[in-house]
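Scroll down for the structure; my scribbles are underneath it.
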Amino acid sequence: MSSHPARTLWYDSAWPLLAGLVTAAGLVSAVVWMGLGVTAIALALLELTFAPVMWSVLTDLGIPARDVILRISPMWSLGSLALVGLLNAFEMWSLLAAGFLLLTSPLVEGWSRVGTRGLLVRYGLTSASETDRRFAEIVTHGFPGLPDEDQPPH
């Protein structure tokens, strides 16, 4: 059972199903186009590219390393490979499908509802009081570590 209440039929059922079908179509297209071996190598190379970069950036934002390595990075690797397969099969039409999925995704729904700062607070990446405290510290103490000539004017 999910810890969040049901939002809508679209976000809880239809969007994941549509995203899964589009991704599967892209992966099948990639396998048909490149062959199973080359597709597997491409997926491994994408994962080796995405994983360290995402681990470095997202763990600094407070997202657990386990989630980054086991969920987020593989999702982006599969999605990227699926987009390549879709582009080969359907050319520019696949960009419409990818754009539609992106613009109707639950992540964008969250952005439109609470804004970027609200998402950071909602997902525990920062709190409003922490942001206010850090801002006040910067304003009060200037920019530590910069030579005097590089400091902004007072």
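The values are calculated or read from the model by the stated rules, or taken from the named source; none is laboratory data. This structure is a prediction, so every number in the text was calculated from the model and none was measured. Accessible surface areas use protein heavy atoms only, side chains included; no ligands, DNA or RNA. Shrake-Rupley method; radii C 1.70, N 1.55, O 1.52, S 1.80 Å.
Of the whole protein surface, LEU27 contributes about 40 Å² of accessible area at a 1.4 Å probe radius. Extension gain for THR104-LEU70 works out to 9.8 nm (0.36 nm per residue, less the C-alpha to C-alpha distance). The gain in end-to-end length when the ARG134 to LEU36 segment is fully stretched comes to 30.2 nm, 0.36 nm per residue minus the alpha carbon separation.
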